[in-house]
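The values are calculated or read from the model by the stated rules, or taken from the named source; none is laboratory data. Quick caveat: nothing in here was measured; it's all calculated off a predicted structure. Every residue, glycine as well, gets a Cβ built from its backbone with ideal geometry; the counts of neighbours run over all protein chains shown. Ligands, DNA and RNA are stripped out before the accessible areas are found, and what is left, the full protein with its side chains, is counted by its heavy atoms. Shrake-Rupley method; radii C 1.70, N 1.55, O 1.52, S 1.80 Å.
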Amino acid sequence: MSEIKLKPCPFCGKAARIHSRVNKNGIRVFVAECKNQGCLSKSNWYDDPQRAAQSWNGRVIVYKK
């Protein structure tokens, strides 16, 4: 699998990560989320980490540097 590149959080500008869990149906699902615990920004859950990354990277940046 190729390396997944994530843009910074569109709300706070901090780094993001891909997180996974097994849902109630026993299926592994993935979400892209901000590493800043105070931010709580995340994408939707997807069955593929690349789709979670695409969703995250397609968001509009709203923070100012």
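Below are the figures for this structure:
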item	result
Hits in region 15-28 - residues which are in contact with a Lys or Arg (Cβ under 9 Å, 6 or more places away or on another chain) and closer than 18 Å to Lys5 by Cα	Ala15, Ala16, Arg17, His19, Ser20
Close pairs from region 14-43: first open to solvent by 50 Å² or more (accessible area, probe 1.4 Å), partner part of a strand (DSSP E or B) and of a type in the set (Phe, Trp, Tyr), Cβ under 8 Å, at least 6 apart	Ile18/Phe30; His19/Phe30
Qualifying residues in region 31-52 (those that are assigned to a strand (DSSP E or B) and either among the β-branched types (Val, Ile, Thr) or over 8 Å from the mean Cα position of the chain (by Cα) (or both)) - the one farthest from Leu6 (Cα to Cα)	Tyr46
